[in-house]
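Peer 1: Below is the structure I would like to discuss, written out as structure tokens.
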Amino acid sequence: MPSVSPTARCPCRCIRSCPTEPWSACATRSGSTSEPTEPVCGIAGVLDADGRVDTVSLAAMGHLLEHRGPDDHGLVVDVLGAATAIAVEDGAAPIGGAHLGLAHRRLSIIDPDAGPQPMANDDGSRYITYNGELYNTAELRTWLRARGHRFRTATDTEVVLRAHEELGVRAVDALEGMFAYAVWDRRRGELVVVRDRVGVKPVYLWSSPSRLAFASEVKAFLALDGWRAAADPLHVVEYLTFQNTFGTRTLFSEVRLLEPGHFVVARIRGDRVVTSEHRYWEITADALPAPDRGRPDARDEGEEVRRTFEAVVGSQLVADVP
């Protein structure tokens with residue numbers, strides 16, 4: 001799928017493309033836009049037991065997330081029992097009757113020319129749509145190479161995909177970073193939707209007995225037949241009171257957030273989509289280091305804080321663009 005040539009970007013690193021100067025007119029810098037100001041991509045997808053996924057609505061979901069990823073876009077659809085999934089090219093005739101669809105809007109950070117999404121593994125048995133940044137990419141890539149995996153790109157997306165090849169859904173235990181993604185396993189007929197440990201990246205879910213849809217933003221569901229933008233009065237009051245909603249609640253009665261440190265597994269069983277949600281990470285007292293029984297040396301503690309801070313910041317500075 002062809003890439004969209006990015007225009008020059010603001011020095012403030014907002015995702016808004018600024019075709020002409022002066023950049024001082026940038027709405028993001030002036031605080032007058034609601035668009036994201038951190039590097040983001042957009043993901044969306046649908047699993048439908050009735051085979052109602054079509055490329056028109058899937059492309060519309062992606063279009064509604066275009067502001068999150070102006071550099072590239074892609075779609076994949078699949079029919080249960082088909083020999084292969086279909087990566088939809090620009091200008092292709094509409095396709096309907098699919099059970100699975102994945103959409104992606106990309107903001108290129110690492111390996112801009114070699115990381116189109118949704119990305120397939122070598123034999124086309126798994127597909128991933130991924131938003132985020134993995135901080136232990138190098139370590140995982142080295143480990144996976146030692147186990148026989150060969151990489152086509154330098155992206156963290158491929159590292160996550162191959163980790164799922166090697167470990168299945170338990171790959172989530174090895175990931176350190178901020179991310180939201182979905183992996184479709186064609187052989188198992190299984191969709192896994194994951195949110196990072198502390199919920200930096202959002203994943204919204206809308207479900208019915210025969211369908212599960214996910215997206216980076218609620219607005220993507222506007223492209224789907226059957227979704228109603230019905231407000232939840234209780235949560236509207238909560239938002240007006242606290243300027244926030246809590247837990248998995250949203251302003252919309254049929255939409256919820258996937259909890260941080262959780263993943264959802266979805267499968268088609270007859271005329272239904274059966275889902276199960278699992279916690280894979282949480283902060284516990286056992287995870288904290290045992291207190292030193294002796295009197296701590298302030299200089300040693302300060303040095304430990306410095307080393308930890310430098311390591312954490314350094315792990316987050318990997319990029320192939322400014």
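Throughout, read-outs are computed from the coordinates displayed, never taken from laboratory work. Model, not experiment: these values are computed from the prediction. Cβ sites come from the backbone with ideal geometry, for glycine too, and all protein chains shown count toward neighbours.
Peer 1: If R0 is 56 Å, what FRET efficiency do you get for L240 and T284 from their C-beta distance, rounded to 0.05?
Peer 2: Numbers: r = 34 Å, r/R0 = 0.61.
Efficiency at R0 = 56 Å is approximately 0.95.
Peer 1: Could you go through region 194-199 in sequence order and give the Karplus-derived ³J(HN,Hα) for each residue, using 6.51 cos²θ - 1.76 cosθ + 1.60 with θ = phi - 60°, rounded to whole Hz, and x for Gly and Pro?
Peer 2: Per residue, the Karplus-derived 3J(HN,Hα) values read 10, 10, 4, 4, 10, x Hz.
Peer 1: Can you classify region 235-283 as rounded, prolate or oblate using the Cα gyration tensor, where a ≥ b ≥ c are the square roots of its eigenvalues, rounded means a/c under 1.5, and otherwise it's prolate if a/b beats b/c and oblate if not?
Peer 2: Details: a/c = 6.19, a/b = 1.60, b/c = 3.87.
Note, shape of region 235-283 comes out oblate.
Peer 1: Rounded, prolate or oblate: which fits region 41-150, taking a ≥ b ≥ c as square roots of the Cα gyration tensor eigenvalues, rounded meaning a/c under 1.5, else prolate when a/b beats b/c? Show your work: numbers first, answer last.
Peer 2: Numbers: a/c = 2.31, a/b = 1.40, b/c = 1.65.
Since a/c reaches 1.5 but b/c is at least a/b, the shape of region 41-150 is classed as oblate.
Peer 1: Report the calculated FRET efficiency for A231 and A146 (r = Cβ-Cβ distance, R0 = 51 Å), to the nearest 0.05.
Peer 2: On the way: r = 52 Å, r/R0 = 1.02.
Efficiency for this residue pair is about 0.45.
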